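Contents: one structure, followed by commentary.
Nothing in this text is a laboratory measurement; each read-out follows from the coordinates by a stated rule. A quick note: this is a predicted structure, and the numbers were derived from the prediction, not measured. Neighbour counts run over all protein chains shown; Cβ positions are idealised from the backbone, glycine included.
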Amino acid sequence: MNSRNLFYVRNLQSKFYFQKNQIVKSLFFLENYLFSLTKQTEEELIVKIKIKWIYDQIAKGDFSNEITKNLKALNNKVFSKKVLDLIEFYSDSMSSPNNIEFLSIFNNFNKKFNNLLMLAKAKNFKSLSLFQLVQFQYINNLDINYIMINDCFTRIEKDLIDIFEFVFIDILLKKKKKLKITKTYYLFRLLLHSIKK
């Protein structure tokens with residue numbers, strides 16, 4: 001799997017924690033694919049069609065094209081069924097009108113996603129729903145409600161947050177504007193955070 005197919009935070013997590021776990025890499029790829037659909041087009045119908053297409057490909061066990069070949073590791077009954085449930089949930093929840101509903105949607109999406117990670121024997125790793133929400137908004141260049149994100153972030157016990165996710169959210173909250181977070185700057189902040197810890 002090419003690193004360009006993953007959000008760079010997920011790419012680092014994949015390299016540090018899941019070097020040999022193809023199932024986790026496939027789940028990260030699927031997450032990035034779903035989250036990136038909105039960025040490619042604003043037509044909700046086209047997004048729904050693309051989600052339905054990926055759903056059908058997995059349901060049929062067709063992993064022969066450029067996109068689905070990255071999901072081949074999910075090709076077994078246990079994973080396929082739960083992955084299809086995750087995709088269906090995402091598709092049904094796509095058109096949320098406000099930040100509060102968005103947070104609730106990502107909390108539910110995150111539970112399903114973390115259950116899949118647990119099935120994939122991802123040790124004690126759990127992704128944060130707040131990170132997935134921020135990741136989605138960042139990828140799609142959407143307005144971020146910094147007050148709501150900050151409020152949620154301050155209530156989470158910091159030791160329970162993965163360092164890669166923590167640093168990304170922390171950078172975003174400190175910038176408080178729509179700026180691109182470069183990989184170099186992210187890695188620099190990650191290093192600083194690791195030294196301080």
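So what's the back-of-envelope 222 nm ellipticity for the chain, counting only DSSP H runs of four-plus at -39500 (n - 2.57) apiece and dividing by all residues, rounded to 500? Could the numbers behind the result be given before it?
On the way: 9 runs with 132 residues, N = 197.
Calculated at 222 nm, the ellipticity per residue is -22000 deg cm²/dmol.
Please give the contour-minus-distance gain from L84 to Q57: 0.36 nm per residue of separation, less the Cα-Cα distance, rounded to one decimal in nm. Spell out each step's value before the answer.
Values: separation 27, 0.36 × 27 = 9.72 nm, distance 1.02 nm.
Full-extension gain reported as 8.7 nm.
At R0 = 22 Å, how high is the FRET efficiency between E43 and K69 if r is their beta carbon distance? Nearest 0.05 is fine. Numbers along the way, then the final one.
On the way: r = 26 Å, r/R0 = 1.18.
Efficiency at R0 = 22 Å is approximately 0.25.
Packing-wise, with mean Cβ within 10 Å as the measure, how do 164-171, 58-65 rank, highest first? Before the final figure, lay out the partial values.
Details: 164-171: 20.2, 58-65: 13.0.
Highest mean packing first, the order is 164-171, 58-65.
Once both axes come from the Cα atoms, what is the angle between helix 129-139 and the longest principal axis of the chain, in degrees from 0 to 90, rounded to 10?
Helix 129-139 sits roughly 80 degrees off the main axis of the chain.
Roughly what would the spin-label model give for L179 and I163, points 7 Å off Cα along C-beta, in nm?
It works out to 2.4 nm between the two label points.
Given Cα pairs under 8 Å that are at least 6 residues apart, what percent is the relative contact order of the chain?
Relative contact order, the chain: 19 percent.
Which listed residue (T38, S14, S127) has the Cα farthest towards the positive end of the charge dipole for the range 9-144, taking +1 on Lys and Arg C-beta and -1 on Asp and Glu C-beta about the Cα centre?
Selected residue: S14.
Mind checking the range 45-122 for GluC sites (Glu not before Pro) that DSSP puts in a loop (not H, G, I, E or B) and that have at most 14 other Cβ atoms within 10 Å?
On the way: sites: E66, E88, E101; in loops: E66.
When the GluC sites (Glu not before Pro) of the range 45-122 are filtered for loop state and at most 14 Cβ neighbours within 10 Å, E66 remain.
If neighbour count is taken as other Cβ atoms inside 10 Å, put K48, K123 in order from fewest to most.
Numbers: K48 15, K123 12.
Listing K48, K123 from fewest to most nearby Cβ atoms yields K123, K48.
Round to the nearest 10 and give me the degree value, 0 to 90, for the angle of helix 77-93's Cα axis relative to the longest principal axis of the chain.
Roughly 60 degrees, rounded to the nearest 10.
So for the pair D92, K111, with labels modelled 7 Å out along Cα→Cβ, what separation do we get in nm?
Taking the two extended label points, one gets 1.3 nm.
Once you charge only the Cβ atoms, +1 for Lys and Arg and -1 for Asp and Glu, what is the size of the charge dipole of the chain about its Cα centre, to the nearest 20 debye?
Numbers: 32 positive and 18 negative charges, 180 e Å.
Charge dipole of the chain: 860 debye, to the nearest 20.
Once the Cα atoms of helix 22-40 and of the chain are each reduced to a long axis, what angle between those two axes, in degrees from 0 to 90 to the nearest 10, is obtained?
With both axes taken from Cα atoms, the answer is about 80 degrees.
Summing Lys, Arg as +1 and Asp, Glu as -1, what charge do residues with Cβ under 12 Å from the Cβ of D56 carry, D56 excluded?
Working: positive: K50, K52, K60; negative: D62, E88.
Taking every Cβ under 12 Å from that of D56, the sum is +1.
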